[in-house]
1. For the range 75-104, enumerate the residues that are at pLDDT 95 or above, part of a loop (DSSP other than H, G, I, E, B) and touching a Cys at 6+ places or on another chain (Cβ under 9 Å).
2. Might you check whether a residue that is in contact with a strand residue (DSSP E or B) (Cβ under 7 Å, 6 or more places away or on another chain) and under 19 Å from PHE36 (Cα atoms) occurs anywhere in the range 80-95?
3. Just checking, which of VAL45, VAL16, VAL10 is over 18 Å from TYR114 (Cα atoms), exposed (fewer than 14 other Cβ atoms within 10 Å of the Cβ) and among the hydrophobic types (A, V, I, L, M, F, W, C)?
4. Residues being open to solvent by 10 Å² or more (accessible area, probe 1.4 Å) and in contact with a strand residue (DSSP E or B) (Cβ under 7 Å, 6 or more places away or on another chain): count how many of those fall in the range 107-116.
5. Which one of these does VAL39 not meet: (1) touching a residue at least 60 places away in the same chain (Cβ under 8 Å); (2) under 17 Å from GLN117 (Cβ atoms)?
6. Touching a strand residue (DSSP E or B) at 6+ places or on another chain (Cβ under 7 Å), part of a helix (DSSP H, G or I) and at pLDDT 95 or above, is that true of ALA121?
7. Output the residues belonging to the range 60-92 that are on the phi > 0 side of the Ramachandran plot and either within 17 Å of the chain's Cα centre (by Cα) or among the acidic types (Asp, Glu) (or both).
Amino acid sequence: MSMEQILATVRGLDHVLVLSPTEGSAFPPLAWGDHFFYVSPDGQVPQREQPYATIVTKDYPDDTLCGLDDPDRWRLNIHVGRRALLELTGDDGGDEARSWDYGGSDVLLPHPLYRTQGWVAVVNPGPRTGALALRLLREAHEAAARRSRRRHPEAWHRTSSQ
């Protein structure tokens, strides 16, 4: 599964905003080339909400376990919640982390940094994880839309009346 296939799937969802910082943009250079997925009925980056999923294309200073600086490696990260994290990985997101091999590809794992917040990650989704990753992305999008409707009903009212 290619990154473009994932991006095309996400871009096809209702009220999605895909933030993809590029060189020279107002975003920090570290974010250039990465992708951040939000639910946004008004098309603006939500100011007080985290993305529901991301694609990162490089190691970050505190996030190097997946070896994303190696050629052709990238990681899909999805917020699934702690219950789904446990069901999917056997990890309950508690303070005690099991040791995981983050060097593999096409394996769904707890996120190396954000597992306690209920995030999963997969480096280079492929035949084993591709369909699951797309399902989890859709579910994360739906959950983010429910939260957005609850927190910002006025934004949803404006979009439905246009």
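The values are calculated or read from the model by the stated rules, or taken from the named source; none is laboratory data. In this text, all values refer to a predicted model and were calculated from it rather than measured experimentally. Heads up, the Cβs are rebuilt from the backbone with ideal geometry, glycines too, and the neighbour counts pull from every protein chain shown. Each accessible area value is taken on the protein alone, full model and side chains, heavy atoms only, with ligands, DNA and RNA left out. Shrake-Rupley method; radii C 1.70, N 1.55, O 1.52, S 1.80 Å.
1. none
2. The answer is yes; a qualifying residue exists.
3. Working: VAL16 fails: exposed (fewer than 14 other Cβ atoms within 10 Å of the Cβ); VAL10 fails: exposed (fewer than 14 other Cβ atoms within 10 Å of the Cβ).
Of VAL45, VAL16, VAL10, the one residue that is over 18 Å from TYR114 (Cα atoms), exposed (fewer than 14 other Cβ atoms within 10 Å of the Cβ) and among the hydrophobic types (A, V, I, L, M, F, W, C) is VAL45.
4. 5
5. Here VAL39 clears every test but (2).
6. For ALA121, the condition - touching a strand residue (DSSP E or B) at 6+ places or on another chain (Cβ under 7 Å), part of a helix (DSSP H, G or I) and at pLDDT 95 or above - is not met.
7. If the condition is that a residue be on the phi > 0 side of the Ramachandran plot and either within 17 Å of the chain's Cα centre (by Cα) or among the acidic types (Asp, Glu) (or both), then ASP72, GLY81 are the ones that fit.
Yes/no matrix, rows are residues, columns are (1) surrounded by 15 or more Cβ atoms within 10 Å (Cβ to Cβ); (2) free of Cβ contacts under 8 Å to residues at least 40 places away in the same chain; (3) outside any strand (DSSP E or B):
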position: SER25; (1), (2), (3): no, yes, yes
position: PRO51; (1), (2), (3): yes, yes, yes
position: LYS58; (1), (2), (3): yes, yes, yes
position: LEU68; (1), (2), (3): yes, no, yes
